[in-house]
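Taking it in order: structure first as structure tokens, then the write-up.
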Amino acid sequence: MYVPLRLHCDVGNFRPCSDAVLAVDGKDSFGHHQIVKLDTLAVRGLADFYLNATAERFGETVQEVYSPTDKTTTRELRLSDPSHVGEFCDFRRFMKRAGHLGMRFCCGRASNHDIVMMGVVKLRYTTTKNEGEVIAEADIASCHVNGAYGTMTPPHQITGLLKKDEHLTKVITHARETLLAADPQHPLIHAGWHQLPPSPTPPYVRAHW
């Protein structure tokens, strides 16, 4: 299963990498987090504009840290609200029927009903010795939802938002709402997955197809 995520930010006509694949979640990376280099934001002025514009769009704040040891500056924008992550990913914009907001479904074979749900997206850059150049990257955490039972597997992180039940509850609740709106014929919806209690470890359902 591949989950392409493209950088976009509707600020005027500014689309720095609308055709660039930002992340690919392969069969061995369900419930993992990935760090992907963003060559299209390697110029500091462009990276600043993109981070600031995206932060303004979602009402977030770009965090900045200076390291006196190596004399570098790191700026990071974290999107964690499920609705913000979904709006940022906007899979349907370029995946047609295979995705919606921050959810990837209809993955490959007709018998594959598994789902990948974007959990947290971090965009950041670190300055380099070359003035005006930065190392930009995206840190993406996704959750795997079993298409037969509706169980969700978060990334195998030591720390992070997706290790907290409170945030996992928000993600799985948003996943149910998203799937109901995007694919009401999905076996999990027929099994009543969207009607389960809002909990990261709810009772299982058994989907039939």
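Numbers below:
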item: Cross-link pairs beyond the 30 Å C-alpha cut-off, checked among 37/71; 37/164; 37/170; result: none
item: Under the Karplus curve 6.51 cos²θ - 1.76 cosθ + 1.60, θ = phi - 60°, whole-Hz ³J(HN,Hα) for the range 60-73, x wherever Gly or Pro sits; result: 10, 10, 7, 8, 10, 10, 9, 9, x, 5, 9, 6, 10, 10
item: Backbone HN-Hα couplings from phi across the range 35-52 [Karplus 6.51/-1.76/1.60, Hz, Gly and Pro as x]; result: 10, 10, 6, 10, 5, 6, 10, 7, 9, 4, x, 5, 5, 4, 4, 5, 4, 5
item: Residues of type aspartates and glutamates that residue 129 reaches as a straight line, Cα spacing below 20 Å, ignoring anything fewer than 8 places off in the same chain; result: 39, 48, 64, 70, 76, 137
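Each value in this text was obtained by applying a stated rule to the coordinates, not by laboratory testing. Just so you know, these numbers come straight off a predicted model, no measurement behind them.
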